[in-house]
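I have a structure here, written as C-alpha cells, and I will follow up with some questions on it.
The values are calculated or read from the model by the stated rules, or taken from the named source; none is laboratory data. Being a predicted model, the structure only gives us computed values, none of them experimental. No Cβ is skipped: glycine too gets one built from the backbone with ideal geometry, and neighbour counts run over all protein chains shown.
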Amino acid sequence: MKIKYLLFVLTAYQTSNAGNWPNWRGPNGNGIATQETAPLRWSQEENVLWKTPLPSPGNSSPIVWEDRVFITSAEDDGRLRSLICFDRKTGHQLWKQNVSYNRPEATHRTNPQCAASPTTDGKIIAVHFGSAGAYAFDYHGNLIWQRPDIGTIDHIWGYAASPVDYKNTIIQYIGPGTKVAIAALDKVTGETRWRRELSKAQAKAPKQFFGSWGTPQLRNSGGQYELIVALPENLIAIDPDTGNDLWNCRGLGPLVYTNPLVSGETVCAMSGYHGPALAVKVPVGVKGDLTSKRLWKSSRKPPQRIGSGVAFKKHIYILNEPGVAACIEIDTGKETWKERLGTGNSWGSMNLVGNRIYVTNTTGQTHVIAPNPERLELLATNSIGEMTRASAAFSDGQVFIRTYNHLWCIGD
C-alpha cells in the first residue's frame, strides 16, 4: 500500500495536473497557472456560478483539486479551527473537520487564525493550524495523521505560512515568534523526517517587530531542488531532502510577508514594513554566503508589501499594500512604471494566467492587467463588493475567491 502511494506522490509531484490549483499560489507555488484561460470580467451577478457562505472571516486562500475546493477557517476566536471541503460544481459543503485549541494564541485583528492555506496532492490534504499543529486528511475528510506538537507560535500578529508539498513530505515553516523552525513531515505517517531550528529568525519577544510570514518557495536548480526561505534579515536556501544549508544572502529587513520570487538563476525577495528588496544570482551548484553576489538591493524607502508579486520574462509585477502597482526589472531593481490600481489597499498576491495578471484588493476588486513592462495596461476591474485579504485560485477556466463572507466561484 505504501509503495503504491509513494509512486502516486512522486508522479503527482513531477506532473502537476494542469487543471488543479493544489497549493497556496498554484501548482508550483509561484503564482503562475499552468492553464491558459480565466474569465476576464465578472461582477456580483455576472459570471457568478455560485457563492456559498463561510462560517467566519479569514485570510487563507482556497485550493482546488478536480471536483473539490478546500479552505481553512477559524471560529470562536480561534478555539475551533477547520478544514472545509466544498463541491466544486455547486458550492455545497461536503464535509468539515474541526480541531479544538483552547490555549491562548495571539494574533492581529486583521489576521484571524487559520491564515495558512491548505495543500493537496489529490490523495491527502495537509493543513497547518498554527499552535494547534499540522494535520492531514484524506479526500473524504478522514484524519490520516496529526502533529499537534510541531511547535507553538507566539507573535502578536499571528502566522500565515502554508505547507509545501515536496515528494513524500509536507514541509512546514513554523513561525514567527520566539521559537522558529522548519520541518519536513512524512506524508504517510506525519513523522518528522528532518527539522531545523532557525534561531536567527527568532524574535526576542512576541511584541517585537521581527519575523517572517511568507511561504517557502521550491526551485529546481539543475535537478537539485532548493527550498528558498525569506527570513528576517536573511534569504536562505536549504536542501528539502535533508534540511541542510545550501546558500544564503543577507540584506532583508526585520519583517518579511511575501514569498521569494524566482526567474531563471535570479532569486528576488522583498521585505515588508518599508524594508528593502534584493535580488541575487544563484547559478547551478553554487553554495555558501552569496551576499557579495547580490545584483541589487533597494536603497530608498520602499513601500509596504504584504501580497507577493509574480515574476514573468525578467520583470516582477506587484501590487503593494497601499494599492500602488509597480513593475520592476528583476536583474536591476529598476522600476519601469508605478501607478495606483483601484480604490482600496491590498493584501492579495498576483497570479499569472495565460497572458493576464490577476490581483484582488481588500475591497473585493479583482484587477486584470497585461504583463506589460512599459506601462500599466489595465484590462478589467471586477468588483464583488466584499472585504477580502485572500488571493484568488484558478482552475479549469474558473476563479475561486474567498471573502470575509463567502466563497465565490466565477466562470464564463
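Sort out which residues of segment 237-255 are under 18 Å from E197 (Cβ atoms) and part of a strand (DSSP E or B), and write them in order of number.
Passing the criteria: A237, I238, D245, L246, N248.
For R195, state whether it is outside the structural domain of C268 (by TED's automatic domain parsing), in contact (Cβ under 8 Å) with a residue 24 or more places away in the chain and closer than 23 Å to D289 by Cα.
When the stated conditions are applied, R195 passes them.
Output yes when any residue across segment 84-105 is hydrophobic (A, V, I, L, M, F, W, C), surrounded by fewer than 23 Cβ atoms within 10 Å (Cβ to Cβ) and touching an Asp or Glu at 6+ places or on another chain (Cβ under 6 Å), and no when none is.
yes
Give me the residue from segment 358-371 that is out of contact with any Gly (no Cβ under 7 Å at 6 or more places or on another chain) and either assigned to a strand (DSSP E or B) or without any contact (Cβ under 8 Å) to a residue 12 or more places away in the chain (or both) and, out of that set, nearest to I32 (Cα to Cα).
Y358
Residue-wise test of (1) of a type in the set (S, T, Y); (2) in a loop (DSSP other than H, G, I, E, B); (3) closer than 19 Å to R25 by Cα.
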residue: I171; (1), (2), (3): no, no, yes
residue: T189; (1), (2), (3): yes, yes, no
residue: Q208; (1), (2), (3): no, yes, no
residue: T215; (1), (2), (3): yes, yes, yes
residue: I228; (1), (2), (3): no, no, yes
residue: L235; (1), (2), (3): no, no, no
residue: N259; (1), (2), (3): no, yes, yes
residue: V262; (1), (2), (3): no, no, yes
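Going through L252, L218, L235 one at a time, which residue ends up being at pLDDT 95 or above, under 18 Å from the mean Cα position of the chain (by Cα), within 20 Å of A311 (Cβ to Cβ) and surrounded by 23 or more Cβ atoms within 10 Å (Cβ to Cβ)?
L235
Turning to a different aspect of this structure: From (1) under 16 Å from G309 (Cα atoms); (2) buried (at least 18 other Cβ atoms within 10 Å of the Cβ), pick out the condition that doesn't hold for A370.
It fails just one condition, (2).
So H92 ticks every box in (1) within 24 Å of A183 (Cα to Cα); (2) at pLDDT 95 or above but one. Which box is left unticked?
(1)
Which residue, of S131, S117, S100, is in contact with a Ser or Thr (Cβ under 7 Å, 6 or more places away or on another chain) and free of Cβ contacts under 8 Å to residues at least 40 places away in the same chain?
Checking each option against the conditions leaves just S131.
Take N355 and tell me if it is without any contact (Cβ under 8 Å) to a residue 24 or more places away in the chain and closer than 21 Å to G29 by Cα.
It is true that N355 is without any contact (Cβ under 8 Å) to a residue 24 or more places away in the chain and closer than 21 Å to G29 by Cα.
Being at pLDDT 95 or above and either assigned to a loop (DSSP other than H, G, I, E, B) or closer than 16 Å to G214 by Cα (or both): is that true of E339 here?
Here the answer is no, as E339 does not meet what is asked.
Those residues that are over 10 Å from Q217 (Cα atoms) and either touching an Asp or Glu at 6+ places or on another chain (Cβ under 9 Å) or surrounded by 23 or more Cβ atoms within 10 Å (Cβ to Cβ) (or both), I need them from segment 256-266; list them, please.
Selection gives V256, Y257, T258, S263, T266.
In this structure, does T360 turn out to be surrounded by 23 or more Cβ atoms within 10 Å (Cβ to Cβ) and modelled with pLDDT of 95 or more?
In short, yes.
Could you list, in sequence order, all residues of segment 61-83 that are surrounded by 21 or more Cβ atoms within 10 Å (Cβ to Cβ) and of a type in the set (K, R)?
R81
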